[in-house]
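Chemist: Supplied in structure tokens, the structure appears directly below.
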Amino acid sequence: MMTRSQQGRTNRLARPSIAVAAAVAVTAGVVAAAPDAKTAAVAGPKLSLIAASKSVTLDSWKEEPGVYLDLGTYLTSEKGAFEFKVTRKSYKDPVVASQIIRNGKKTTTKVLPAGLVKDFSGLPGFMTVDVVDAAGKSVLKKTESFCPNNASGRVRPDAPANSKFPQSCPANPFTLGSVWGVENGWAANTYAGYYSAPVQLAAGTYTAKISVTKKYRDLFGIANKPQSVKVTVRERSWEQPEGGSGGAAAKVASSSPHAGHAGHQAAADPAPSGHAGHGAPARTDAPAAATTGAGATFNVGHGPYPPAPPALPWALKKQAAEKQAGKGAFGAQGFSAARVGDRAGQTDGSRQAPGAQPNAKRPTGKAAVPNVPKPDLRSLPAYGITVSDGYEDVPGKDYLAFSANVWNAGPAKLVVDGFRSPGKELMDAYQYFYDAKGKQVGYTPTGTMEWDPRPGHEHWHFTDFASYRLLKADKKETVRSGKEAFCLANTDAVDYTVKNANWHPSNTDLSTACGQENSISVREVLDVGSGDTYTQDLPGQSFDITNLPNGTYYIQVLANPENRLKETNHKNNSALRKVVLGGKKGARTVKVPAHHLVNAN
């Protein structure tokens, strides 16, 4: 696994368009709605497309050709929230998206057309953008998906002060359930952000026409009122002197959707925070005009929040970085090095996360495991799988690198506190238990925590949280990763539809939860519905496959391997992912078959 400071320099910027099926179906057992899509949609909230400004200025950088079309258009929701529940029963089953319409005490559920939504990134093909130049000639036409959880803000003063919905759409390929929504009286940015690739527009003046596509207008009863925005594209260069209108610092600030608050830090502080390398990779802020002004808090009303990103091993990131260095551009996959890493308290570049406070003292009284709800730790299949060499650390070796996630299906959060005796190198770890009202009612010893002094780590690891093993075709162990100690953080929204899921978890990155070298106590929490992704790609953590014969193997992700943590079910802690090794020493290859319906390596 890479060090936390080396975590992801990349992001996934594009998603394929998805074809749509026909009419709206109404789930059995709930209030019936008229079968006609237009009629049924009227019963829901009133949705409108608006433009925050009549004009925007977008930057095109010589070093990174491409313009990001954050045009400042928003979807507003009145007379109720625009709400969805998105689930799949298993990886053998398709994703099912349902609109939830609340009218007082009555709740109506409308299942969206089969095949319309195939993942958890949002509503595909929701927006159409048409761009014409000053002469009226069409130069660009594209569709974009829409994540209702995008950065949003209130559109009237009497709207709820806070949105109850999550702050981004998940991107983990093994997500099981999500909740989307635009709060009543709020508006969400329609720009696809991290799911949108840059477009090629020369410097000049354009007019963009933005509209909701007809299938969604019919489905949700949205009026056909396109918005027109004047677009000025200006070409800039990193080599312009700082203090003027350009320069690297200006480039970073203007390319960040958080520039209004934190973009000025980027040039001076390009390194990732302590979260880097732990799980969902730290990555560049989504390029956007400085005027979007989105900051590191939720209710700012500007610019899209990025989703929790896919965790990619360092081997892929290294290739992307080398490609960038050679081309001085985004490259085939749209990678950008404008801003690397998360800032303190932010795991997905969008939010500040207050750390859960540890107990100041060791627990007193007799240790006991009460009969109260407990966490349920489950493993996701490995992904982001690739072959790497030993870099400069162990040259001449072949390694199988991967990303893995252990998540908490609830119904109770996992809370582990560490306590340090003066002068001791290890902390004693305890698991805590709570009743239905949140009162602490018990605790039990559960191993230790250890300080990891390596650069990029420098935090306290809880031992024996997960284990990674490479199994032979007969599913007997052949190689084991040396990594079994972790600092827990809620990096990925795996299933926000399970009971007691927390849509706004705290300690979402390592800087909030994992302590300092001189800490006397530490609290680490894995909240209900969230998972913790770790990327295994450094020697000792990834699998040494140098002398393994070609053939079929399985990557096993095993949660709670020593059963030290108390949970509701120990039988669902293991997940397997099939891989097929090939090639020759020094040039090994790996093929990763689809895991049922999930085709993500």
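Chemist: ARG564 passes all but one of (1) among the basic types (Lys, Arg); (2) touching an Asp or Glu at 6+ places or on another chain (Cβ under 9 Å); (3) modelled with pLDDT of 95 or more; which number fails?
Modeler: Among (1) among the basic types (Lys, Arg); (2) touching an Asp or Glu at 6+ places or on another chain (Cβ under 9 Å); (3) modelled with pLDDT of 95 or more, the lone unmet condition for ARG564 is (3).
Chemist: Looking at region 549-571, which of its residues are outside any strand (DSSP E or B) and open to solvent by less than 10 Å² (accessible area, probe 1.4 Å)?
Modeler: At the first step, the residues of region 549-571 found to be outside any strand (DSSP E or B) are 549-550, 560-571.
If the condition is that a residue be outside any strand (DSSP E or B) and open to solvent by less than 10 Å² (accessible area, probe 1.4 Å), then ASN560, LEU565 are the ones that fit.
Chemist: Return the only residue of SER163, SER138, SER152 being in contact with a strand residue (DSSP E or B) (Cβ under 8 Å, 6 or more places away or on another chain), surrounded by fewer than 24 Cβ atoms within 10 Å (Cβ to Cβ) and of a type outside the set (A, V, I, L, M, F, W, C).
Modeler: Details: SER163 fails: surrounded by fewer than 24 Cβ atoms within 10 Å (Cβ to Cβ); SER152 fails: surrounded by fewer than 24 Cβ atoms within 10 Å (Cβ to Cβ).
Being in contact with a strand residue (DSSP E or B) (Cβ under 8 Å, 6 or more places away or on another chain), surrounded by fewer than 24 Cβ atoms within 10 Å (Cβ to Cβ) and of a type outside the set (A, V, I, L, M, F, W, C) holds for just one of SER163, SER138, SER152, which is SER138.
Chemist: Moving on to the next point. Could you grab the pairs with beta carbons closer than 6 Å, sequence gap of 6+ or different chains, first residue in region 515-536 and at positive phi, second one open to solvent by 10 Å² or more (accessible area, probe 1.4 Å) and not β-branched (Val, Ile, Thr)?
Modeler: Listed by first residue and then by second, the contacts come to GLY529/ASP495; GLY529/TYR496; GLY529/ALA501.
Chemist: Looking at the structure I just gave you, is TYR191 under 21 Å from LYS142 (Cα atoms) and not in a strand (DSSP E or B)?
Modeler: Details: under 21 Å from LYS142 (Cα atoms): yes; not in a strand (DSSP E or B): yes.
When the stated conditions are applied, TYR191 passes them.
Chemist: Would you confirm, using the coordinates I've provided, whether LYS46 is at pLDDT 90 or above, surrounded by fewer than 18 Cβ atoms within 10 Å (Cβ to Cβ), over 21 Å from the mean Cα position of the chain (by Cα) and charged (D, E, K, R)?
Modeler: yes
Chemist: OK, next. Can you tell which of THR546, THR589, THR497, THR533 is at pLDDT below 90 and either over 30 Å from LYS89 (Cα atoms) or open to solvent by less than 60 Å² (accessible area, probe 1.4 Å) (or both)?
Modeler: Values: THR546 fails: at pLDDT below 90; THR589 fails: at pLDDT below 90; THR497 fails: at pLDDT below 90.
When all the criteria are applied, what remains is THR533.
Chemist: Being farther than 30 Å from SER60 by Cα and in a strand (DSSP E or B) is the filter here, so list the residues in region 159-188 that pass it.
Modeler: Within region 159-188, GLY177, SER178, VAL179, TRP180, GLY181, VAL182, TRP186 meet the criteria.
Chemist: Of a type in the set (S, T, N, Q), within 16 Å of ALA188 (Cβ to Cβ) and assigned to a loop (DSSP other than H, G, I, E, B): is that true of SER121 in this structure?
Modeler: On the way: of a type in the set (S, T, N, Q): yes; within 16 Å of ALA188 (Cβ to Cβ): yes; assigned to a loop (DSSP other than H, G, I, E, B): yes.
When the stated conditions are applied, SER121 passes them.
Chemist: Scan PRO373, PRO422, PRO395, PRO381 and give me the residue that is surrounded by fewer than 21 Cβ atoms within 10 Å (Cβ to Cβ), assigned to a loop (DSSP other than H, G, I, E, B) and modelled with pLDDT of 90 or more. If you could, list the steps in order and put the result at the bottom.
Modeler: Details: PRO422 fails: modelled with pLDDT of 90 or more; PRO395 fails: modelled with pLDDT of 90 or more; PRO381 fails: surrounded by fewer than 21 Cβ atoms within 10 Å (Cβ to Cβ).
Just a single option satisfies the conditions, and that option is PRO373.
Chemist: Then there is this: Exactly one of these conditions fails for VAL580: (1) out of contact with any strand residue (DSSP E or B) (no Cβ under 6 Å at 6 or more places or on another chain); (2) exposed (fewer than 15 other Cβ atoms within 10 Å of the Cβ); (3) of a type in the set (A, V, I, L, M). Give me its number.
Modeler: That leaves (1) as the condition not met.
Chemist: Conditions first: (1) within 14 Å of THR386 (Cα to Cα); (2) part of a strand (DSSP E or B). PRO593 passes all but one, so which condition is the exception?
Modeler: (2)
The values are calculated or read from the model by the stated rules, or taken from the named source; none is laboratory data. This structure is a prediction, so every number in the text was calculated from the model and none was measured. Counting neighbours? That spans all protein chains shown, and the Cβs are built from the backbone with ideal geometry, glycine included. All accessible areas refer to the heavy atoms of the entire protein, side chains included, with ligands and DNA or RNA removed. Shrake-Rupley method; radii C 1.70, N 1.55, O 1.52, S 1.80 Å.
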